[in-house]
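Below you'll find the structure, written out as structure tokens, and then a few comments.
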Amino acid sequence: MRPPAREVIAAVSTGFEELNVSSVDTDGPDGPIGWPGYGVARAAAAERSGESESVVVGTAKVGDVETVLITWEFGFLGGSIGQRTGDRVEAAFAKARELKLPVVSLIATGGSRMQHGMRALSQLQRIARASAAARKDGVAQISVLRDPTTGGGWATLGASADVVLGLPEAQVGFAGSRVRPATSPSEAYTAEAKYEWGQIDQLVEPEDLADVLARWLFLLTARSTEAAEPPAALSAVEPPESGWEAVRAARASSRPRAAKYLNSYFEWRETISGDRAGSVDEGVLCGFGRRNGRAVAYAAQCGTATRPAGFRTAARLVRLASRLGIPVLTLVDTPGAANDEDAEQAGVGAAIAELFEAIATAEVPVTTLVIGEGGSGGAMAFAAPGSTWVAPDAYFSVTSPEAAAAILKRPMTEIPEIADRLRLRPADLVELGIANGIVRAAAR
């Protein structure tokens with residue numbers, strides 16, 4: 001049983017005030033294309049649901065943040081999108097731009113309203129235009145994919161939001177259940193599948209939704225011009241004396257990894273996941289966290305070869321933080337970019353270029369800490385020029401000593417000597433002007 005729109009609103013917010021949106025109806029009792037019986041069906045839907053249209057819009061507090069809510073009523077003609085739906089969604093975004101408020105879309109729709117024909121389909125353009133204008137004005141947007149989220153609801157507000165949350169077992173997909181190929185497995189049209197394929201950031205249980213939304217809204221609206229400070233080192237070790245010693249320290253299994261750094265740095269954090277194009281790189285952690293009462297975005301490598309999806313997710317994170325005015329922290333730890341056939345086919349070069357551009361054009365300060373291996377361009381893409389620090393058990397190099405030996409056609413026995421010649425130690429990086437300094441472990 002799907003909860004009605006106002007029940008959903010009450011579950012996640014307080015003080016809801018509905019927007020009064022006027023719509024001019026010049027289409028006659030059976031709608032814009034004169035669909036026989038539509039007027040009767042619409043009246044029955046209104047009586048059954050208690051609503052006059054398929055979406056309810058207004059302002060409310062979610063946690064401590066005043067927010068514009070766009071909430072679908074599936075009980076009104078299957079939450080279908082018609083002319084008046086577009087009127088209300090457009091008015092909601094106009095209010096968000098006027099008051100500089102974030103927007104949360106709580107979606108449950110089967111798509112466009114058949115009885116409105118092309119008038120219904122054209123509403124998707126209106127919705128996309130209103131959303132894009134608000135995004136340009138710095139309005140943060142979160143979508144919650146309820147059951148079902150299909151058709152234009154998924155292809156506009158659902159998939160385009162800055163952060164996409166899905167309720168478990170919700171039907172999610174462009175094709176609704178009555179029009180998709182009979183041979184397609186139903187599992188492909190679920191929130192779980194979309195999460196696995198990098199199209200949803202988080203799966204959230206209904207009872208946790210209010211708290212998750214409150215945390216996200218704090219994070220996405222906490223603008224700051226102050227750069228994130230680099231984390232303290234988590235290993236109380238002395239910087240290495242030789243290049244090969246630096247490489248071995250960075251590769252040690254006991255060295256702290258990204259998750260430990262993030263958990264130590266933030267009071268709490270929320271994650272974004274996936275490249276929105278079908279892939280997730282588990283070796284890259286991205287999201288936003290709270291530190292000392294303010295928000296910081298993060299993109300962190302976890303010590304594996306970074307895949308195209310990892311670079312694209314990090315680029316998405318940096319662009320979003322830049323648009324919302326939130327400083328960024330990146331953690332470098334990779335032997336290099338993935339260079340297998342699958343990575344090449346997935347466009348690893350273009351993905352790296354995308355992240356380089358995102359950091360180069362960011363309008364917020366980006367801070368970098370090298371916490372382990374800094375292997376070649378796959379690591380450099382995550383690094384902020386002029387604002388990079390290095391941990392004492394890390395290194396940063398044009399390539400690995402082994403790869404350098406192969407490129408230079410030197411015997412493997414010379415790898416330790418090549419490591420010294422590459423000047424990849426923390427102290428070398430500072431002397432070369434690549435790193436601002438070596439971070440130390442916090443005093444206890």
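Quick notes on this structure:
- Pairing residues of region 208-219 that are assigned by TED's automatic domain parsing to the domain that holds GLN141 with residues that are surrounded by fewer than 19 Cβ atoms within 10 Å (Cβ to Cβ) and assigned to a helix (DSSP H, G or I), at Cβ distances under 8 Å and at least 6 apart in sequence or on separate chains, gives LEU209/ALA11; ALA210/ALA11.
- In region 249-269, the qualifying residues are those that are among the hydroxyl-bearing types (Ser, Thr, Tyr) and crowded, with 19+ Cβ neighbours inside 10 Å, and the one that is farthest from ALA222 (Cα to Cα) is TYR261.
- As for region 270-288, it holds no residue that is free of Cβ contacts under 8 Å to residues at least 60 places away in the same chain, surrounded by fewer than 20 Cβ atoms within 10 Å (Cβ to Cβ) and over 30 Å from THR156 (Cα atoms).
- Selection count where residues are assigned to a helix (DSSP H, G or I) and out of contact with any strand residue (DSSP E or B) (no Cβ under 6 Å at 6 or more places or on another chain), scope region 319-329: 5
- None of PRO3, PRO32, PRO36 is without any contact (Cβ under 8 Å) to a residue 24 or more places away in the chain and more than 31 Å from the chain's Cα centre (by Cα) except PRO36.
- For THR361, the conditions (1) closer than 24 Å to LEU432 by Cβ; (2) modelled with pLDDT of 95 or more are fulfilled apart from (1).
- Filter result for the condition that a residue is assigned by TED's automatic domain parsing to the domain that holds ALA250, surrounded by fewer than 23 Cβ atoms within 10 Å (Cβ to Cβ), more than 16 Å from THR306 (Cβ to Cβ) and touching a helix residue (DSSP H, G or I) at 6+ places or on another chain (Cβ under 8 Å), over ALA391, ALA346, ALA362: ALA362
- Residues being surrounded by 14 or more Cβ atoms within 10 Å (Cβ to Cβ) and either among the polar types (S, T, N, Q) or farther than 10 Å from LEU157 by Cα (or both) - total across region 131-142: 8
- Within region 204-217, the set of residues being surrounded by 16 or more Cβ atoms within 10 Å (Cβ to Cβ) and not in a helix (DSSP H, G or I) comprises just one member, VAL204.
- The residues on offer are ILE415, ILE434, and the sole one that is among the β-branched types (Val, Ile, Thr), part of a helix (DSSP H, G or I) and crowded, with 17+ Cβ neighbours inside 10 Å is ILE415.
- Within region 218-243, the residues that satisfy the criterion of being part of a helix (DSSP H, G or I) and modelled with pLDDT of 95 or more are PHE218, LEU219, LEU220, THR221.
- Given (1) surrounded by 24 or more Cβ atoms within 10 Å (Cβ to Cβ); (2) within 17 Å of VAL163 (Cβ to Cβ); (3) of a type outside the set (Phe, Trp, Tyr), index of the condition PRO308 fails: (2)
- Tally of residues being out of contact with any Leu (no Cβ under 6 Å at 6 or more places or on another chain) and either surrounded by fewer than 24 Cβ atoms within 10 Å (Cβ to Cβ) or free of Cβ contacts under 8 Å to residues at least 12 places away in the same chain (or both) across region 365-379: 3
- Output for region 235-265, where each listed residue is out of contact with any Asp or Glu (no Cβ under 9 Å at 6 or more places or on another chain), under 22 Å from ASN436 (Cβ atoms) and hydrophobic (A, V, I, L, M, F, W, C): ALA236, LEU262
- Subset tally (residues that are outside any helix (DSSP H, G or I) and within 21 Å of VAL332 (Cβ to Cβ)) for region 390-412: 11
The values are calculated or read from the model by the stated rules, or taken from the named source; none is laboratory data. Owing to the predicted nature of the structure, the values given are computational and were not obtained by experimental measurement. Positions of Cβ are backbone-derived with ideal geometry, glycine not excepted, and every protein chain shown enters the neighbour counts.
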